[in-house]
Structure formats: C-alpha cells, structure tokens
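The values are calculated or read from the model by the stated rules, or taken from the named source; none is laboratory data. Please read these numbers as outputs of a predicted model, since none were measured by experiment. Virtual Cβ from ideal backbone geometry, glycine too; neighbours counted across all protein chains shown. In case anyone asks, the SASA skips ligands and DNA or RNA and just uses the protein heavy atoms, side chains included. Shrake-Rupley method; radii C 1.70, N 1.55, O 1.52, S 1.80 Å.
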Amino acid sequence: MSIQVVIARPNFPEVIERLKQHFDVIDNQQDRPWTPQSWSEALTHADGVMTTGADPVNQVVLTNAKRLRICANMAVGYNNFDLPAMTAHGVVGTNTPDVLTETTADFGFALLMATARRISESEHFLRSGQWREWRYDMFAGTEVHGSTLGIIGMGRIGQGIARRASKGFGMQVLYHNRSQLSPEMEAECGARWVDKATLLREADHVMLVVPYSAATHHTIVEAELAQMKPTATLINLARGGIVDDAALAKALKERRIAAAGLDVFEGEPTVHPDLLTVTNVVLTPHIASATVKTRLAMANLAADNLIQYFQHGRVLTPVNPDVLNAPQRRV
Ligand code: 8YV
C-alpha cells in the first residue's frame, strides 16, 4: 500500500514535487479553508502530514486518523500539537528549529525599530496627505540604541536578538527565562538574567520570544503592563495568548505604555478590534520567519522529516523522540 502524505496548506511547488517522488501526496494548493470536520476527515487515510502552526493535531484528529504516524510541522513552535495525545497514539511530531532563528531575530528587530520609531503610524499620516510641514515633535519616538532591552524567553531566537542588541545597538540586555544561560553564553549574548519584575521595571523595550504553553499563557496581563515604564514598548513575536490583547489595547489607548509591535495575536487571524483602532501599535500578520529563503528551508526540513521517517524510521528534529523507540503504535 502506498504511503499517503497530506500537505495542509499551499506550499512551494518544488517541495511538493520532492514529496511526490516518495509518497502519494494530497496537497492543498487551492488553499481550501478547513473546518474542524473537513480537517479531521482529510487525515482519515493519511500516514503523514505536513502542518503549519495553524493546523491542530488533537485528540479528535488522532482518533479519526488511524494510519497517522508523523506530523511534520513547518514551524519551530508546536503548540498546535496535543503532544501527550500524539505520544499516546504513537505519532511522532517534528518542528523546524535553527533554520529560522536569524531571520526571526531580524524581524524582532524590525518590529522593535518600527514600533519605537513610529514607522507605521507616520507612513499612514504621509499616505493620507496630512504631511504639511516639518515639526520638532512630529512622530518623535523612543531611542533604541543605547537603551535597555528586556527579553522574556531566551532560546535560540532570544539569543539572536540579544546579540543584535548588545553588539549592534550598544543596548543593555536583560533577560528572564526559566533556565539561566551559561556564563559563557551570557557573555556572548551580552545579556544578564533578572527576575521578571526587574525586567519589566527597567526595560525601555520588552521583547517576548517565549514558547506558548499553559504555563506561559497570559505572561503579560494588566498587572505586568502596569509595571512597565510609561515610555516603554512591548514587542510580541512569540505566540498569541502570551499577552492579554484586550488589556494591552486598553493600556495603549490610555498611553500607560508608549507603543507595541505585534506579529502574533490571541485567536489569529482574528485581531482584537481595539488593537485595530489604537494608533500606537504596529501590526503584522505572523510573518517573523517570512523570507523566501527561510520559508523554503522550513518546508524542506519538514519534507526531510517525512522522507527520513518513512525511509529509515528516524527523523531530524523530533519534539517527542520517545515515540520513535516505542515498539508499537497505540491507537
Ligand atoms: C510559522 C512560527 O511561520 O515557526 C514558528 O513557530 O510561528 C512561524 O515561523 C508559523 O507558525 C506557520 O507554521
């Protein structure tokens, strides 16, 4: 029996062609929107699937997808996976670490710069024909170079941002993370561990790059926003749900913090309506890893995981590696 692989979303034609050399591929180049039911049904006969962070692999999907052995996420984050359920069903999950680290760190800086220097707001002003004269205070923003950056979450992407900040922009870098970096790594990143309250109090810019989990849900709510400087900015390129978006919109409206830059949203692609009406926020549609080169590398790594699994019973970047050693898949 041939191996069936479903590709959940439109993808690079060359990656689909690669997969077709190995598998019976069901692609979605027409970008059919999924309902929970049609998504579950699409996996009924699938042996493998390439998902994105927007495609849930949960108990319902797993119960229906009796042949499913591997879910290759085209994302480093995998909070779309119900990992305990996948492990219990003997389904291996993979992600795409490393290939997107520097690109995403670049974007963190782009969002920080755009937010602190009010780039979106000023462009709208210009485009709408309101620019009449030079003014000393026109779109005067917040300094980036030489200021203090607070990074919450210090994995690979956080470290990439810290290096840019300390080496490129002469920033003082504070970070908060469950585990502290080695002294050598701290020195390389130019970063110092502090508790969350100190970070929020001292940072001129707060950057969120922590993975989403039940433990990190609403890491930033009204109480944390109240601890930040009124001149501070908040950048979220981690996941929707790390920030209470309603509380953030209120704080921005009341100018309790200066501005925010958001690439991810609670319930995306729906965006909290109050965020759409406040002017001191830069909004982007979850594009931190979006360069052609990086997205192709992510797609190829996800494809490599599928090919390696079915050819050799191993994968390159597992997120629940124990499944590979389990003798038999449980249904
Ligand atoms: C993905 C991301 O583009 O890698 C991640 O975790 O958030 C992005 O790079 C997105 O999740 C789609 O898969």
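Just grab the label-to-label distance for HIS145 and THR279, each label 7 Å out from Cα along the Cβ direction, in nm (one decimal).
Calculated label separation equals 2.8 nm.
Of all the accessible heavy-atom surface of the chain, with the other protein chains kept in place and a 1.4 Å probe, what percent is carbon and sulfur?
The computed percentage sits at 55.
Report the full-extension gain for the segment GLU102 to SER122: residue separation times 0.36 nm, less the Cα-Cα distance, to one decimal in nm.
Here the segment from GLU102 to SER122 would lengthen by 4.4 nm.
Who wins for biggest fluctuation among PRO269, PRO56, PRO211 in a Gaussian network model of the chain, springs between alpha carbons below 10 Å?
PRO269
For the pair VAL60 and ARG178, what calculated FRET efficiency results from E = 1/(1 + (r/R0)^6), where r is the Cβ-Cβ distance and R0 = 35 Å, to the nearest 0.05?
The calculated FRET efficiency here is 0.65.
Can you list the HN-Hα couplings for the stretch 281-290, worked out from phi with the Karplus curve (6.51, -1.76, 1.60; θ = phi - 60°), rounded to whole Hz and with x for Gly and Pro?
Ordered by residue, 3J(HN,Hα) equals 9, 9, 10, 10, x, 6, 10, 4, 9, 8 Hz.
Which of MET185, MET154, MET86 moves the most in a Gaussian network model of the chain with Cα springs under 10 Å?
Fluctuation is largest for MET185.
Taking only C-alpha pairs under 8 Å that are 6+ residues apart, what is the relative contact order of the stretch 101-283 in percent?
So the answer I get is 21 percent.
I need the calculated FRET efficiency for the pair MET1 and THR270, taking r as the beta carbon distance and R₀ as 51 Å, to the nearest 0.05.
Approximately 0.80, to the nearest 0.05.
How many nm separate the modelled label positions at ARG314 and THR231, each set 7 Å beyond the Cα in the direction of the Cβ?
Distance between the two pseudo-spin positions: 5.5 nm.
Where is the GNM fluctuation largest for the chain (alpha-carbon springs, 10 angstrom cutoff): ALA114, ALA215, ALA88?
Among ALA114, ALA215, ALA88, the largest GNM mean-square fluctuation belongs to ALA215.
What does the extension gain come out to for GLU188 and GLU41, with contour length at 0.36 nm per residue minus their alpha carbon separation?
The span from GLU188 to GLU41 would gain 48.0 nm if fully extended.
Using 0.36 nm times the number of residues separating ASP24 and GLU202, minus their current alpha carbon distance, what extension gain do you get?
58.6 nm
Quick one: the Cα spread of the chain along its three principal axes, in angstroms, biggest first?
Ordered largest first, the chain gives principal extents of 72, 50, 33 Å.
Excluding same-chain residues fewer than 8 positions from LYS229, which lysines have a Cα within less than 29 Å of its Cα?
Answer for LYS229, where 29 Å is the Cα cut-off: LYS167, LYS196, LYS250, LYS253, listed by chain and number.
Over the chain, what is the relative contact order in whole percent, taking alpha-carbon pairs under 8 Å and six or more residues apart?
Relative CO of the chain lands at 18 percent.
Can you work out the accessible area per residue across the stretch 92-246, with the rest of the protein chains kept in place, probe 1.4 Å, in square angstrom?
It amounts to 47 Å² per residue over the stretch 92-246.
For LYS250 and ASN325, FRET efficiency with R0 = 51 Å and r from the beta-carbon atoms, rounded to 0.05?
Once rounded, the FRET efficiency stands at 0.55.
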